[in-house]
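Structure record follows, encoded as structure tokens.
No lab work stands behind these numbers, since they all come straight from the coordinates. Quantities reported herein were computed from a predicted structural model and do not represent experimental measurements. In this analysis, Cβ positions are derived from the backbone assuming ideal geometry, glycine residues included, and neighbour counts consider all displayed protein chains.
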Amino acid sequence: MTQPLTPAGAVWPPLLVDSWTDTRETLHMMTQIVGKVQMACTPLVNQWWNVAFELSARGIRTNTMSAEGRAFDAEFDFVAEELVLRTSDGLRAAVALRPRPIAEFYAEFRSALVHMEIYVDIQAAPNEVENPIPFAEDTTHHAYDSDAVRIFWQQLVQADRVLNLWRAGFAGKASPVQIWWGGLDMACTLFSGREAPPHPGGAPHCPKWVNLEAYNRQCASGGFWPGGSGEGVFYAYCYPQPDGYSDRPAGPDGAHWDKSLGEFVLPYEVVTQSQDPDATVLHFLQSTYEAAADLANWDRRLFDVNPARLDPEIKAANRNRI
């Protein structure tokens, strides 16, 4: 797989995890509320692809959802500092993103849905977190530092771009680059096409059947998580984990196996301090994928492709078109 140089205009902004913990946890609860609506208003797609968010040019957005024959969506607009709701028959509502208790945000969000005649039942408490508080009772999470959120979003802008470059080098089944509200992380997952043994579960306050669906096929995943220590980490793991996986090289200097997480990690600050951040992340993602694929005997002749294979033809076809 080729590793292009980081574009000159790409900015990888720093953001210490400890500097926005309260805001991150509040934003996490906001995304869980909206994510549960998306889960209820979309059909199940393999490995829960229907419930994840995607990056937008303004922030984070849902998929298109459906209610009573109408389409609607939601977008966390971090530029205008509002959660925007839109329907296919022209209705629009907005919920401000500002410091206030989650209980208040949840009540206003529900009112906005009712105003738009969208009625949906959700399990109104978070998953995959310790000590979950029902949204309607949550006065603990109330911080919102808009500057920190926008920096986080710009981190996602760069992570999304590089994860898509990595995904483009794989010709098999692969997920889109997705933002998962369960852990507030961004990830892309590659699949071998084989079945996997039942996943044992383990995420806090998350039913076992969730992971049984998520990991019912052999896979290798890479992503970015704004938690832990420092400035967050890029991570990589596979399921099921073949013998010797954790002992394989993880690519660039600074990448290593984290026993507590059970994953390979590459600290975000190692990326930003490197001469070519894109190449550093791609080296990590590709090295860990190759470790998983080789040890589990994936047929890489079918999967590995050069994402730049048609660049000359594409450039020639588009020359002087605009």
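General observations
- Considering only ALA112, LEU91, ILE133, and ranking their Cα positions along the charge dipole of the stretch 20-137 that arises from unit charges at the beta-carbon of Lys, Arg, Asp and Glu, the one farthest toward the positive end is LEU91.
- Residue with peak Gaussian network fluctuation, the chain [Cα springs, cutoff 10 Å], from VAL177, VAL114, VAL162: VAL114
- Helix 277-295 axis versus longest C-alpha principal axis of the chain: approximately 70°, rounded to the nearest ten.
- Across the chain, Cα pairs under 8 Å and at least six residues apart give a relative contact order of 19 percent.
- Check: the stretch 146-303 dipole with +1 on Lys, Arg Cβ and -1 on Asp, Glu Cβ, in debye: 520 debye
- Rounded to the nearest 20 debye, the dipole magnitude of the chain is 1020 debye, with +1 charges on Lys and Arg beta carbons, -1 on Asp and Glu beta carbons, and the Cα centre as origin.
- Distances between placed amide hydrogens fall under 5 Å for GLY227 paired with VAL233, all partners being 5 or more residues away or on another chain.
- Highest-fluctuation residue, VAL271, VAL157, VAL79 considered, GNM on the chain with Cα pairs under 10 Å: VAL79
- Couplings 3J(HN,Hα) of the stretch 186-203, computed from phi: 10, 8, 9, 10, 9, 10, 7, x, 9, 5, 10, x, x, 6, x, x, x, 5 Hz, in residue order, whole Hz [Karplus 6.51 cos²θ - 1.76 cosθ + 1.60, θ = phi - 60°; x for Gly and Pro].
- Unit charges at the beta carbon, dipole of the chain: most positive-side option, GLY230, GLY193, ALA316: ALA316
- The magnitude of the dipole of the stretch 20-137, with charges of +1 and -1 set on the Cβ of Lys/Arg and Asp/Glu and taken from the Cα centre, is near 200 debye.
- Loop-resident GluC sites (Glu not before Pro) (DSSP state other than H, G, I, E or B) in the stretch 128-210 with no more than 12 further Cβ atoms inside 10 Å of their Cβ: GLU130.
- Local electrostatic count at TYR235 - Lys and Arg +1, Asp and Glu -1, tallied over other residues with Cβ under 13 Å: -3
- In the chain, the DSSP-assigned H stretches of four residues or longer account for a calculated mean residue ellipticity at 222 nm of -9500 deg cm²/dmol, using -39500 (n - 2.57) per stretch and the full residue count as denominator.
- Ranking of THR140, THR280, THR288 by count of other Cβ atoms within 10 Å, fewest first: THR140, THR280, THR288
- Put in order of Cβ neighbour count within 10 Å, fewest first, the listed residues ILE122, ILE314, ILE102 become ILE314, ILE122, ILE102.
- Among ASN164, ASN297, ASN63, the residue with the largest mean-square fluctuation in a Gaussian network model of the chain, with springs joining Cα atoms closer than 10 Å, is ASN297.
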